[in-house]
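Have a look at the structure below before the remarks.
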Amino acid sequence: MALESWEWSDDAKTLLYFVYRFWAEQRRPPNQADICLGTGFGPRQARRICRQLREGFAVTFAEERVNLAIDKAAPFSATPTAVACFRDGEFLTYVGCPMEVTTIGWLPMLEDHVLTMRSHCSCCFEPIELELRKGELLSATPVVPVVAAIRSPSDFEYGVPSDRVCDSFHYALDETHARRFEERVLRRGVVFTFEQVQAIARSAGEGRMRDPHWKAIRQDGERTMEAFAAMGIDVTPWR
């Protein structure tokens with residue numbers, strides 16, 4: 001589902017993996033001093049590497065700020081989202097979106113932990129709680145949710161910032177609640193089952209910090225829709 005991807009440079013992986021480890025340990029993103037002291041990169045070099053990572057859909061940061069301040073390093077998010085992740089009963093991080101819920105537990109420093117995800121139905125705001133280990137669902141309260149996708153893959157192809165993509169996916173208790181949510185936001189979307197989300201997200205989970213040839217993401221909307229359709233997902237509303 002990716003187009004024109006490239007393998008991350010050693011410097012990019014060094015910085016990104018430092019961010020992952022720091023965030024998982026400290027429960028916050030590193031600031032510029034943390035990054036420079038932890039990686040040995042200077043401020044200008046660190047910013048150049050972050051631009052490469054941003055282009056490949058791995059981090060977001062505010063370019064206009066003097067100090068480098070990362071607010072997202074998928075699956076981690078410093079910006080409050082609809083999904084909060086807890087480890088051993090303590091808040092760990094916000095998760096970018098429901099599509100990242102099954103990937104965060106694949107990170108090597110989190111794979112042995114049961115992670116609790118607290119979210120809500122985007123239609124009625126009823127709380128939803130999920131427990132997962134390494135992407136596998138252990139329990140769901142009150143039900144296993146579906147995911148409503150209210151933007152087409154064509155809206156986030158070719159390096160569009162991850163914020164727009166994350167804002168496109170929302171939990172709902174079931175398909176009826178997903179359709180009500182679509183009506184409220186005046187968008188016609190596509191509904192994924194939890195199992196379909198797991199299948200879609202698995203390659204990202206398996207790649208981060210594991211695959212030495214892990215590549216950046218640049219999606220092609222048409223190819224992504226074709227891949228979704230091959231999985232049995234009804235993409236008719238996106239055509």
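Just so you know, all these numbers are worked out from the coordinates, no wet-lab data involved. Small disclaimer: the values here were computed from a predicted structure and weren't measured. Neighbour counts run over all protein chains shown; Cβ positions are idealised from the backbone, glycine included.
Quick notes on this one:
- Residue-averaged [θ]222 nm for the chain, counting only DSSP H segments that reach four residues, each worth -39500 (n - 2.57): -10000 deg cm²/dmol
- Proxy reagent accessibility, fewest Cβ within 10 Å first, across Phe76, Phe61: Phe61, Phe76
- Chymotrypsin sites (Phe, Trp or Tyr not before Pro) within the stretch 93-147, DSSP loop, no more than 16 other Cβ atoms inside 10 Å: Phe125
- Sorted ascending by nearby beta carbons within 10 Å, beginning with the fewest, Lys72, Lys13 become Lys13, Lys72.
- Cα centroid of the stretch 26-73 to Cα centroid of the stretch 181-239, whole Å: 27
- A straight chain from Leu186 to Leu138 at 0.36 nm per residue would run longer than the Cα-Cα distance by 13.9 nm.
- Considering only Thr39, Gln198, Thr103, and ranking their Cα positions along the charge dipole of the chain that arises from unit charges at the beta-carbon of Lys, Arg, Asp and Glu, the one farthest toward the positive end is Thr39.
- Relative to the longest principal axis of the Cα atoms of the chain, the long axis of helix 221-230 makes an angle of roughly 50 degrees.
- Lys215 paired with Glu7, simple spin-label distance in nm, labels 7 Å along Cα-to-beta-carbon: 1.1
- Simple label model, 7 Å out from Cα along Cβ direction - Asn31 to Asp71, nm: 1.7
- From phi via Karplus (6.51, -1.76, 1.60), per-residue ³J(HN,Hα) for the stretch 211-218 in Hz, x at Gly/Pro: 7, x, 10, 4, 10, 5, 10, 9
- What you get for the chain, charging only the Cβ of Lys and Arg (+1) and of Asp and Glu (-1), is a dipole of about 520 debye around the Cα centre.
- Loop sites in the stretch 32-93: GluC sites (Glu not before Pro), DSSP, at most 15 other Cβ within 10 Å: Glu63, Glu64
- With Cα atoms, 0 to 90° folded angle of helix 43-55 axis to the chain main axis: 20
- Relative to the longest principal axis of the Cα atoms of the chain, the long axis of helix 194-207 lies at roughly 10 degrees.
- Computed from backbone phi with θ = phi - 60° and the Karplus coefficients 6.51, -1.76 and 1.60, the 3J(HN,Hα) list for the stretch 171-177 is 6, 9, 4, 7, 5, 4, 5 Hz; x is used for glycine and proline.
- Relative contact order (%) - the stretch 79-223, alpha-carbon pairs under 8 angstrom, separation at least six: 25
- Taking other C-beta atoms within 10 Å as the exposure proxy, Ile104, Ile233 rank Ile233, Ile104 from fewest upward.
- Modelled spin-label separation between Arg51 and Asp155, with each label point placed 7 Å from Cα along the Cα-to-Cβ direction: 2.9 nm.
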